[in-house]
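Here is the structure we will look at, set down as structure tokens.
Values quoted throughout were computed directly from the atomic coordinates according to the rules given, and no laboratory measurement underlies them. These numbers come from a predicted model, not from an experiment. We place every Cβ from the backbone using ideal geometry, glycine too, and count neighbours over all the protein chains shown.
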């Protein structure tokens, strides 16, 4: 699975909003500076997040962006889906829409299993979890595996 720059930036922007929730709306420039995200690229991402119901925008001198819901109720999967679409696709197609024949036939259950695991992790972690550096125990345990941090 590959996480695009767009998805990474969207999650980082949402985390910045989650961390500053009590401070009121944040300007796009402040988010871009804090997370080292190209401002123009971030504007498009924030617009997608607004259309997707994850952030609210407010115009004016005291304007900016804020989360539309509590950070506890927004999963990392929610953010990625709003800016990228499905969490797992094969050649742009969702796994249940695929079919294979012959020796490749068992690929479909493999892609479904991959999607299931990705969903379990990304849907099970909220913006609040990451912003507070408290990942769910089952997710944190995955990082303890000997090969978790190594590149094969």
Helical mean residue ellipticity (222 nm; -39500 (n - 2.57) per DSSP H run of 4+; nearest 500) of the chain: -14500 deg cm²/dmol
Whole-Å distance, taken between Cα centres, linking the range 1-62 and the range 93-149: 25
Rounded to 10°, Cα long-axis angle of helix 39-51 versus longest principal axis of the chain: 80
Inter-site label distance for residue 50 and residue 150 at 7 Å from Cα along Cβ, in nm: 4.8
Global geometry of the range 10-152, whether rounded, prolate or oblate, following the gyration tensor of its Cα atoms and the 1.5 cut on a/c: prolate
Gained length - residue 39 relative to residue 5, 0.36 nm times residue gap less alpha-carbon distance: 10.9 nm
Calculated FRET efficiency for the pair residue 104/residue 141, C-beta based, R₀ 25 Å, to 0.05: 0.15
On Cα atoms only, tilt of 107-123 relative to the major axis of the chain in degrees: 30
